Amino acid sequence: MAHDLRPNQKGITLIEVLVSITILAIAVLAAVYALQQSTAFSKSNEARETNVQVARTVMEEIKAKLKQADPVTVELYDQTIDLTPLKGLESAQLSSITTPRSSIRIDIESHRPEQSLSVKGIAYPVGDYFRLIQVTCTKTATGETYSLKAYVESR
């Protein structure tokens with residue numbers, strides 16, 4: 001029996017099927033890779049946001065407590081911190097604390113600004129009234145840091 005080969009046969013060949021499957025596989029792999037990168041970026045942003053939130057919380061607590069009379073202590077993440085050195089005239093660095101759940105190390109430093117403010121020819125030393133407070137939060141697992149600086153009234 002002879003095969004009837006017609007020039008206008010309808011259908012697809014095995015080669016066409018394999019090419020289509022290969023193109024589809026490449027498209028699926030690209031989509032999976034994009035999804036994986038998006039997830040990794042999202043986790044990185046989440047860690048950064050946690051550092052920012054912790055730093056802001058600590059800074060707000062310090063600002064509120066430094067306005068109070070002595071002795072000045074603050075309760076941060078179930079740890080009592082003495083803020084008295086931050087009110088002094090010299091630079092100070094408090095001992096590091098670590099948050100229990102998110103494993104973030106918090107470092108608090110205080111610097112006395114050396115500049116003065118001149119009003120109507122009278123120079124007022126800024127360092128007598130304000131401290132430059134720096135709160136640095138470091139995610140212990142990744143080493144990612146975030147620092148927040150603010151001038152805080154110390155009288």
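The values are calculated or read from the model by the stated rules, or taken from the named source; none is laboratory data. Treat the numbers as computed from the prediction; the structure is a model and nothing was measured. As a convention, Cβ positions derive from the backbone with ideal geometry for all residues, glycine included, and neighbour counts pool all protein chains shown. Heavy atoms of the whole protein, side chains included, go into the accessibility calculation; ligands, DNA and RNA do not. Shrake-Rupley method; radii C 1.70, N 1.55, O 1.52, S 1.80 Å.
Data overview
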read-out: Within the accessible area of the chain (1.4 Å probe), percent carbon and sulfur; value: 57
read-out: Dipole of the chain [Lys/Arg +1, Asp/Glu -1 at C-beta], most positive-end residue of I62, G11, S110; value: G11
read-out: Mean Cβ count within 10 Å, highest first, over the residues of peptides 128-137, 27-36; value: 128-137, 27-36
read-out: Translational D in µm²/s for the chain (Stokes-Einstein at 25 °C, 0.890 mPa s, Kirkwood Rh from C-alpha pairs); value: 120
read-out: With Cα atoms, 0 to 90° folded angle of helix 14-66 axis to the chain main axis; value: 10
read-out: Probe 1.4 Å, accessible area per residue of the chain, Å²; value: 71
read-out: Relative contact order computed over the chain (Cα-Cα under 8 Å; 6+ residues apart), in percent; value: 19
read-out: Qualifying GluC sites (Glu not before Pro) in the stretch 51-155, DSSP loop, other Cβ atoms within 10 Å at most 14; value: E90, E114
read-out: Residue-averaged 222 nm ellipticity for the chain, from DSSP H runs of 4+ at -39500 (n - 2.57), nearest 500; value: -13000 deg cm²/dmol
